[in-house]
Amino acid sequence: MGEFRTLRAGVFLPPFHPNDEDPLLCMERDFELMGWLEKLGFAEAWIVEHHSGGYEIYGQPELFIATAAERTRHIRFGTGSSRCLTTIPSWWPTASSSSAT
């Protein structure tokens, strides 16, 4: 028989926030959420990049991930993407890959 693995939980976080709320407070709430997820034993969090007129505030999730990683110890972070047809031309594969290095 093969080796048993433990099931690990993760979260896919699209950054939906109401337009009438302060973006800094929304981000701080998301950072607090990352801390709670870690305390609850989540193994990973995928932070989504969206471009939708202010309702989704993380246009470059690497910056959010850098700050969240500074505030946590064990949870792993990754980026997710939902690029509209209007933003795809601005993301060449080499530009996308070099932004995370």
Just add up the charged neighbours of A68: K/R +1, D/E -1, any other residue whose Cβ is under 13 Å from the Cβ of A68. -3
Compute the length gained on full extension between E21 and K39: take 0.36 nm times their separation in residues and subtract their Cα-Cα distance, giving the result in nm to one decimal. 3.8 nm
Please give the contour-minus-distance gain from R73 to L7: 0.36 nm per residue of separation, less the Cα-Cα distance, rounded to one decimal in nm. 21.8 nm
Which residues' amide hydrogens lie under 5 Å from the amide hydrogen of F77, considering only partners 5 or more residues apart or on another chain, with H built in the peptide plane? A45
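Using packing as a proxy for protection, rank 36-42, 9-15, 56-62, 20-26 so that the peptide with the highest average count of other Cβ atoms within 10 Å comes first. Intermediate values should be presented prior to the final figure.
Working: 36-42: 13.4, 9-15: 15.1, 56-62: 16.9, 20-26: 10.4.
Order by mean packing, descending: 56-62, 9-15, 36-42, 20-26.
Every read-out reported here was derived from the displayed coordinates using simple, explicitly stated rules and does not represent laboratory data. Just so it is clear, the structure is predicted and the values come from calculations on it, not from any experiment. Counting neighbours? That spans all protein chains shown, and the Cβs are built from the backbone with ideal geometry, glycine included.
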